[in-house]
Ligand code: OOB
């Protein structure tokens, strides 16, 4: 039983969100028409090889849409998109939006386990890749995935986009309230969950994010994070920048050596990074070799950015810092320009919308006293009501009245700003990259010499957390850490999920609880590590 592809907002909420002007009934093709008409000859996007105006980008996307249609991709088809930060990313996803096919946003770090799963689970019609990137052969990955996914009809490399057949007129785009694409959840379960987003809800978050961040036609945004990630896509990200008529500068890697020359050349005004990248930029000696004076705002999010680090941003990089606490499921919080410094440095921001409903609950499900920590639950005009085809999980992840249980522990300040204090979900946040212990444990258990495995977080000054796997061997021939790592890599697990540390142990400690739950076990092991 897979369950619904999309859980709609109840009619009374939908009506409210329309009446408030959040949902404007504009679908992605109409939004593309609007920005193209408004900003036609301005520079929309550039990367190492391309510089396209809004009009050029739109023409390319339309041609690609017709070509994909001629290949037999039809509205509603799912298409897994796995591209690095290149201009063609926008060409491809705008083509899919025009066609009404649904991009499934994979990350460049994903390998055959993840991609194969996305293709099978969504019954994808096509998979779009860059042939090679950062020394990795995506063509070979695609061949492997294809062998396992009979429904996958096409593998398309961006070098082939110009060779698509010239198709006829496009079908009508989907309604604004229908699913437009699938985002990936950070994941706390055995397999990552997919997040259905509509034009109505997403474009609302994009428009208001652009306004909150003060974007305009003078904005030059460096895409430092993987562009498919919700932060880089819409907080305010590439879509926010295009909405405001600014320029998107694709950055192939977030290292200072790559990013700083681009900031100088393209007069970058704003970028979004995860905390370890912010720390690396602040510590880099390359700061003095490049003119970074155009940079106005460094957005930091994806994982907690320590107050001590936030305080140092201006001195180190000569720009303001903005904290962003968001999630692909919806809710995004920003610190604002007008917030007191104390709040900008010491909180993770407040929600985009006055209609983002926030609950902070104790373990019994009661509201905590103001300022006390508790689990954050939320619902609102751009927060989903259910994952894609995940009925059973939805019953746990959402309350009956439609609140999403974020699994984050926060304190809510009198001003409405949230301070992230920790989490109750089974997830490791490795410098913004999310790792689900259960997923990694399952892969370790597939090794013939592994009897049991538990994956936990280890505190780390640079990444915030790293991963550690405790492994009990099944016989005399205990596998080594190196062998287990090689095993996981060969299985095709994304590199960031491969444990940073592996401890082979004889047994697990007793959890002190009658029935051993994985969660208790992980907690006890974590305590062992940090003692
Ligand atoms: C962003 O989205 P996801 O879906 O990769 O991860 C969401 C989770 C949150 O539930 C929270 O646990 C953590 O990432 N997180 C933060 C944080 N920002 C995200 N934890 C502490 N402090 C922060 N500033 O990570 C994401 C999506 C849109 C914008 C920004 C980040």
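Please treat every number below as a calculation from the coordinates, not as lab data. None of these values were measured; they are calculated from a predicted model. We place every Cβ from the backbone using ideal geometry, glycine too, and count neighbours over all the protein chains shown.
Observations
- Residues 191, 80, ranked from the fewest to the most other C-beta atoms within 10 Å, line up as 191, 80.
- Normalised by the number of residues in the chain, the average gap of Cα pairs under 8 Å and 6 or more apart makes the relative contact order 13 percent.
- Distance from the stretch 338-355 to the stretch 27-62 (C-alpha centre basis), Å: 32 Å
- Percentage relative contact order, the stretch 16-164, counting C-alpha pairs under 8 Å, at least six apart: 20 percent
- Percent antiparallel among DSSP beta bridges (both partners in the chain, rounded to 5): 55 percent
- By the beta-carbon count within 10 Å of each Cβ, the least crowded to most crowded order of 425, 497, 38, fewest first, is 38, 425, 497.
- Enclosing the Cα atoms of the chain in their convex hull gives a volume equal to 157 cubic angstrom per residue.
- From least to most packed, judged by other beta carbons within 10 angstrom and beginning with the fewest, 268, 332 follow the order 268, 332.
- The peptide list 290-297, 60-67, put in order of mean Cβ contacts within 10 Å with the highest first, becomes 60-67, 290-297.
- Inter-centroid distance (Cα atoms) of the stretch 184-233 relative to the stretch 358-399, Å: 20 Å
- Highest average packing first - 487-496, 121-130, Cβ atoms within 10 Å: 121-130, 487-496
- In the chain, helical runs assigned H by DSSP with n ≥ 4 each contribute -39500 (n - 2.57); averaged across all residues and rounded to the nearest 500, the mean residue ellipticity at 222 nm is -10000 deg cm²/dmol.
- Pairs of Cα atoms nearer than 8 Å and 6+ residues apart set the relative contact order; for the stretch 281-329 it is 45 percent.
- Counting only DSSP beta bridges with both residues in the stretch 428-529, the antiparallel share comes to about 75 percent.
- Ellipsoid semi-axes for the stretch 358-424, based on the Cα gyration tensor and the rule √(5λ), read 22, 12, 10 Å when sorted largest first.
- Per residue, the convex hull spanned by the Cα atoms of the stretch 428-529 amounts to 95 cubic angstrom.
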